[in-house]
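So the structure is just underneath, and the comments pick up after that.
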Amino acid sequence: MDIASVFSALRHTPELMELSYITFQRFLRCSSALKDDILQPQPHTVSVTAAPDVLPPIIMEFLSKSFDIMLEAVDMLWDVVKDIVWVLPTEADEWEAVETMFHLHASLVLYPPNKTCTNPDCNALQHGSVLKKEEQCRVVVFTHAEGTRCLAT
C-alpha cells in the first residue's frame, strides 16, 4: 500500500485524522513488535505470511489504551496498516539497513557530544551559539565492528 492510500483512508475517521506522524509511526512499530502476540490466538489455519484481518481483543485494548484512541479507531487503523505492519522490518534490521547505507554512501563524520560550549564563562554559551568551527585533521577511529579505521583529511 502506498502512503497516499494510507493517509486517504485515515482522513475518513476524525479521530485518526488527528494522529501526529510520530504517533502513527509509533503505532506501526508497536504493532509490528506485537506480531507474535497477534498470531498466538489465531486459528492454526491463518497464514503467518499475511496479517490477520482481526486483532485479538487484548491487543486491541492495549493499543487503544496506549495510543488513547477508541477501540473502533484501532480496528479501522489496523485495517488500513496491517499489510505494512506485517512486512515492517524489526528495529534491529532497520538499524542495520541504515548503517549499511551510510557505510556504502557516506564518509564517517564525527561530531562532538555537545552542541554548545560547556564553559560557563564562554560568551557563546550565554548566547546559545552552536559550536561551528570546522577543522579537518587525520583521525584514527577504533570500532568494535570494523576494527581500526584511519580517516584521511
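The values are calculated or read from the model by the stated rules, or taken from the named source; none is laboratory data. The shown structure was predicted, so the numbers you read here are calculated from the model rather than taken from an experiment. Every residue, glycine as well, gets a Cβ built from its backbone with ideal geometry; the counts of neighbours run over all protein chains shown.
Could you tell me which of the residues T13, T23, T49, T90 is closer than 30 Å to E146 by Cβ and of a type in the set (S, T, Y)?
T90
Kindly provide the set of residues from region 24-47 that are among the hydroxyl-bearing types (S, T, Y) and either closer than 16 Å to K82 by Cα or touching a His at 6+ places or on another chain (Cβ under 9 Å) (or both), ordered by number. Before you say what the answer is, go through the steps one by one.
Quick first cut of region 24-47, residues among the hydroxyl-bearing types (S, T, Y) only: 31-32, 45, 47.
The answer is S31, S32, S47.
Any residue at all in region 62-75 that's in the same structural domain as S8 (by TED's automatic domain parsing), closer than 25 Å to S5 by Cβ and modelled with pLDDT under 90?
Checked against the condition, which is being in the same structural domain as S8 (by TED's automatic domain parsing), closer than 25 Å to S5 by Cβ and modelled with pLDDT under 90, region 62-75 yields no hits at all.
Restrict the check to region 98-118 and report whether at least one residue is touching a Lys or Arg at 6+ places or on another chain (Cβ under 6 Å) and either farther than 30 Å from K35 by Cβ or surrounded by fewer than 10 Cβ atoms within 10 Å (Cβ to Cβ) (or both).
No, region 98-118 contains no residue that is touching a Lys or Arg at 6+ places or on another chain (Cβ under 6 Å) and either farther than 30 Å from K35 by Cβ or surrounded by fewer than 10 Cβ atoms within 10 Å (Cβ to Cβ) (or both).
Select the helices (runs of 4 or more DSSP H) contained entirely in region 69-130, then report the ones holding at least 3 residues which are of a type in the set (A, V, I, L, M) and within 18 Å of T23 (Cα to Cα).
71-87
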